[in-house]
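The values are calculated or read from the model by the stated rules, or taken from the named source; none is laboratory data. Predicted, not measured: the structure shown is a model, and the values here were computed from it. Cβ placement follows ideal geometry from the backbone for every residue including glycine, while neighbour counts extend to all protein chains displayed.
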Amino acid sequence: MIKVGIIGSTGYAGAELVRILTAHKETEIVWYGSRSYIDQKYASVYQNMFQIVDAVCMDDNMEELAEQVDVIFTATPQGLCASLVNDEILSKVKIIDLSADFRIKDVSVYEKWYGIGHKSPQYIEEAVYGLCEINREDVKKARLVANPGCYTTCSILTAYPLAKEGLIDMSTLIIDAKSGTSGAGRGAKLPNLFCEVNENMKAYGIATHRHTPEIEEQLGYASGEKVVLNFTPHLVPMNRGILATEYAKLTRDVTYEDVKAVYDKYYADETFVRVLEKGVFPETKWVEGSNYVDINFQIDPRTGRIIMVGAIDNLVKGAAGQAVQNMNLMFGLDETEGLKLVPMFP
């Protein structure tokens, strides 16, 4: 059995890790870390875990944790993992970081967009960007994985095949994305109160959202050019889900069959990426509670553009599910173990 420790187990992403790993045949959670609930029963924080999880919450002592487990998940705010990791810890344990601390290779870009100094830039180059469908072989060999962000996972996978094959003009790419409120975390924030969110929709982080450089960097690797794009997220009154609608100018005339063949080239053998049938476009409800990414596209010959649409559950494929997918690869397990989650409907 793989012994698991979770730092930040009482946030939404941490709780989703607990839900998935509890049903994982090859793992045992031995450390439920939570700075806010030390010595409280985990099931008193998440009552859905009553008689399922009997443990109490512990602190976030990574050095002590590294002596007890094989892998540590850090589902924490930006900056914490970078402040805790060191050579001794990495010599003993694998780390999967759900924050942005090791996602962006240029430390100055990270510090600019996140507004904090990086505490361990010496590990940035080593860290593998854990988008399994793209970096699978590198993930298998990694000891430190940077789990991608939720908006970024959806945005990148939706456009990746066309960026990789040069079918879209990257200078024209615009991403319009909507997310449920769980993406903002479990902390009490005025803009996320029920009365603020219900019967409302709003754009936020316009031209400033910190997932922007992550999307630009990864699609830049795919296309082989520097990418600068517009990314606008929106908050919608639902618990879970992300829907990204992306627009770009085509670089040449193509048919539906041409584009479908490109998506199939990259995703036909991917368990968790579903390219939908012609004329059927993703909906968040179709992936809720699952590790699936649903994708489709529409060519607009009138404007010479293509419209790409992707949907994920932000807490599963956008966070915890993807982290478990990375763990499975790192330990040589079946990549789908613990993740055969049928989407919930309604």
Near pairs, Cβ below 6 angstrom, 6+ apart or cross-chain, from region 293-305 (in the same structural domain as LEU276 (by TED's automatic domain parsing) and buried (at least 23 other Cβ atoms within 10 Å of the Cβ)) to any residue that is of a type in the set (S, T, N, Q) and not in a loop (DSSP other than H, G, I, E, B): ILE295/THR158
From PRO346, PRO233, PRO282, residue being modelled with pLDDT under 95 and either surrounded by 15 or more Cβ atoms within 10 Å (Cβ to Cβ) or part of a loop (DSSP other than H, G, I, E, B) (or both): PRO346
Members of region 1-14 that are under 22 Å from ALA188 (Cβ atoms) and either assigned to a loop (DSSP other than H, G, I, E, B) or without any contact (Cβ under 8 Å) to a residue 60 or more places away in the chain (or both): GLY8, SER9, THR10, GLY11
Matching residues in region 244-270 - criterion: being more than 13 Å from THR158 (Cβ to Cβ), among the polar types (S, T, N, Q) and surrounded by 15 or more Cβ atoms within 10 Å (Cβ to Cβ): THR251
Single unsatisfied condition, GLU196 versus (1) under 15 Å from PRO161 (Cα atoms); (2) surrounded by 14 or more Cβ atoms within 10 Å (Cβ to Cβ): (1)
Set GLY180, GLY241: member being surrounded by 15 or more Cβ atoms within 10 Å (Cβ to Cβ), on the phi > 0 side of the Ramachandran plot and touching a residue at least 24 places away in the same chain (Cβ under 8 Å): GLY241
Test: residue in region 252-270 that is under 25 Å from the mean Cα position of the chain (by Cα), closer than 23 Å to LEU315 by Cα and in a loop (DSSP other than H, G, I, E, B): yes
Per-region count, region 199-215, residues among the charged types (D, E, K, R) and buried (at least 22 other Cβ atoms within 10 Å of the Cβ): 1
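Here's the yes/no breakdown for (1) of a type outside the set (Gly, Ala, Ser); (2) within 23 Å of the chain's Cα centre (by Cα); (3) at positive phi:
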residue: VAL275; (1), (2), (3): yes, yes, no
residue: LYS285; (1), (2), (3): yes, yes, no
residue: VAL293; (1), (2), (3): yes, yes, no
residue: PHE297; (1), (2), (3): yes, yes, no
residue: THR303; (1), (2), (3): yes, no, no
residue: ILE306; (1), (2), (3): yes, no, no
residue: ALA311; (1), (2), (3): no, yes, no
residue: MET327; (1), (2), (3): yes, yes, no
residue: LEU333; (1), (2), (3): yes, yes, no
Among (1) crowded, with 21+ Cβ neighbours inside 10 Å; (2) of a type in the set (S, T, N, Q); (3) farther than 29 Å from GLU214 by Cβ, the one test that THR10 misses: (3)
Any hit, region 200-215, residues being assigned to a helix (DSSP H, G or I), of a type in the set (A, V, I, L, M, F, W, C) and at pLDDT 95 or above: yes
Neighbours by Cβ (under 6 Å, 6+ apart or cross-chain): first from region 200-226, assigned by TED's automatic domain parsing to the domain that holds ILE156; second among the aromatic types (Phe, Trp, Tyr) and part of a helix (DSSP H, G or I): ARG210/TRP113; ARG210/TYR114; HIS211/TYR151; PRO213/TRP113; ALA222/TYR160
Wholly enclosed strands (runs of 3 or more DSSP E) of region 21-130 bearing at least 3 residues in contact with a strand residue (DSSP E or B) (Cβ under 8 Å, 6 or more places away or on another chain), free of Cβ contacts under 8 Å to residues at least 40 places away in the same chain and under 29 Å from GLU337 (Cβ atoms): 27-33
Single residue of SER171, SER223 found to be modelled with pLDDT of 95 or more, among the polar types (S, T, N, Q) and surrounded by fewer than 17 Cβ atoms within 10 Å (Cβ to Cβ): SER171
Filter result for the condition that a residue is at pLDDT 95 or above, not polar (S, T, N, Q) and not in a helix (DSSP H, G or I), over ALA142, ALA163, ALA159: ALA142
